[in-house]
Amino acid sequence: MAKKDKYAHLRVEEGVLKHGLPYRALGTGEEPLVVLRWFTDHHTNPEGWEKSVELSQLAPFGEHFRVYAVNRAPGMAPGTTMADIAAQHAEALTEKFGGPVHVVGPSSGGSLALQLAADHPQVVKKLALSMAGYTMGEAARKAQVAYAEAAVAGKRAFHHTAGISFKNPATAAVLKPLMWLVDPFVRPKEAADMAAFVAAEAGFDVRDRLPGIQVPTLVVSGGKDPACPPEICRVTADEMPDARLITYPEAGHTGTFTDKRFAPDVLEFFGVRARASA
C-alpha cells in the first residue's frame, strides 16, 4: 500500500526565484509568507529527512498562508556581503509578489531578514525573528567560521558546531566526539557556497541601524540559546521603534523555532489566530 502524503493538502511545490534563489512553497492560504531559511550547508531545497523536518515546522503556517521557504542562491561569490544577499532577495521577492510580504527569519535567516528590513523596508510587511538579532553571538561566529574553514579544506568539521547546537555545555562536550565521528556522513554538499555565506554573516552587524528600522517586528528569543544569547535579542527589540520581545526561558537555539508556542505567537503577530490543533 502506498504511503499517504500527510502534506498533500498543503500543495507542496518547488521553484526558483530571480537570481536563482530556490524555494519550496506550501500552504492553503492565499496571502504569501516568506521564510528565509536558517543556516544550511547547501544552497538548494532540502531533501530527505531535512525536507521532512522543514515541512513539519512550516505546516502550521501553511494552514493560513502560502508559505515560501527561500534559500540563498547557489554559486555565491567569495566576498559577498549580507547587504548584497539582501539586495538579491529584495529584487526576487518584489518580482514574485509585487508588494510587501510577511517575513519569518530563523537563525541565519533572521540575520538576512533584519538586513532586508534595514535596506529594503518596502519589501517587508511584518518581520518575525527567531534565534536572531542585530548580530551573531560570538560563540556562533567562531563556530561557523571554524566549521566552514575545515569543510572547505576537506577536514572533519561537524564537531565545531557542538557548542552552539546544545543548550547544555555538558551535553555538547559529550556529543562533540560523536559529531567528529559522523562527520563523513554529513559533509556539506557544496562547501564553497556555505563558506561564502558564513563569511557574509560573520561581518553582519546592524545595531547602529536599529532605531531607523520601522518595520513592525517580533523578536523571539531562547533563554538558553548559546548561538544568539538573550541579550542580543533584548537589545534588538529595545532599540527598534516598533518591536517587541518574547522569550522562551528554557529554550536553546533550535528549540526556540520548534517550541510549540512559536507558530501561534507568530501567527497572532501576523494577525491570525491559530487553530487549537496548530
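The values are calculated or read from the model by the stated rules, or taken from the named source; none is laboratory data. Just so it is clear, the model here is predicted, and its values are computed rather than measured. Cβ coordinates were reconstructed from backbone atoms using ideal geometry, including for glycine residues, and neighbour counts include every protein chain displayed.
A few notes on this one:
- Of the listed requirements (1) at pLDDT 95 or above; (2) in a loop (DSSP other than H, G, I, E, B); (3) farther than 25 Å from Ala202 by Cα, Leu33 misses just one: (2).
- Arg273 meets the conditions (1) in a loop (DSSP other than H, G, I, E, B); (2) in contact (Cβ under 8 Å) with a residue 12 or more places away in the chain; (3) not polar (S, T, N, Q) in every case but one. The failed one is (2).
- Residue pairs meeting the criteria (Cβ under 6 Å; at least 6 apart or on separate chains; first in a helix (DSSP H, G or I), in the range 188-207; second of a type in the set (Asp, Glu)): Met194/Asp41
- Of all residues in the range 153-171 being more than 22 Å from the chain's Cα centre (by Cα) and aliphatic (A, V, I, L, M), the one that is surrounded by the fewest Cβ atoms within 10 Å (Cβ to Cβ): Ala170
- Residue list for the range 116-145, restricted to those being of a type in the set (Gly, Ala, Ser) and assigned to a strand (DSSP E or B): Ala128, Ser130
- Total residues in the range 135-147, condition surrounded by fewer than 24 Cβ atoms within 10 Å (Cβ to Cβ) and within 21 Å of Ala86 (Cβ to Cβ): 4
- If the condition is being among the acidic types (Asp, Glu), exposed (fewer than 13 other Cβ atoms within 10 Å of the Cβ) and in contact with a Lys or Arg (Cβ under 9 Å, 6 or more places away or on another chain), then the range 235-252 contributes only Glu250.
- Some residue of the range 14-27 being under 23 Å from Thr256 (Cβ atoms) and hydrophobic (A, V, I, L, M, F, W, C): yes
- Hey, Leu26 under 25 Å from Glu239 (Cβ atoms), touching a Leu at 6+ places or on another chain (Cβ under 6 Å) and either surrounded by 23 or more Cβ atoms within 10 Å (Cβ to Cβ) or not aromatic (Phe, Trp, Tyr) (or both) or not: no
- Filter result for Thr256 (modelled with pLDDT of 95 or more, out of contact with any helix residue (DSSP H, G or I) (no Cβ under 6 Å at 6 or more places or on another chain) and crowded, with 22+ Cβ neighbours inside 10 Å): no
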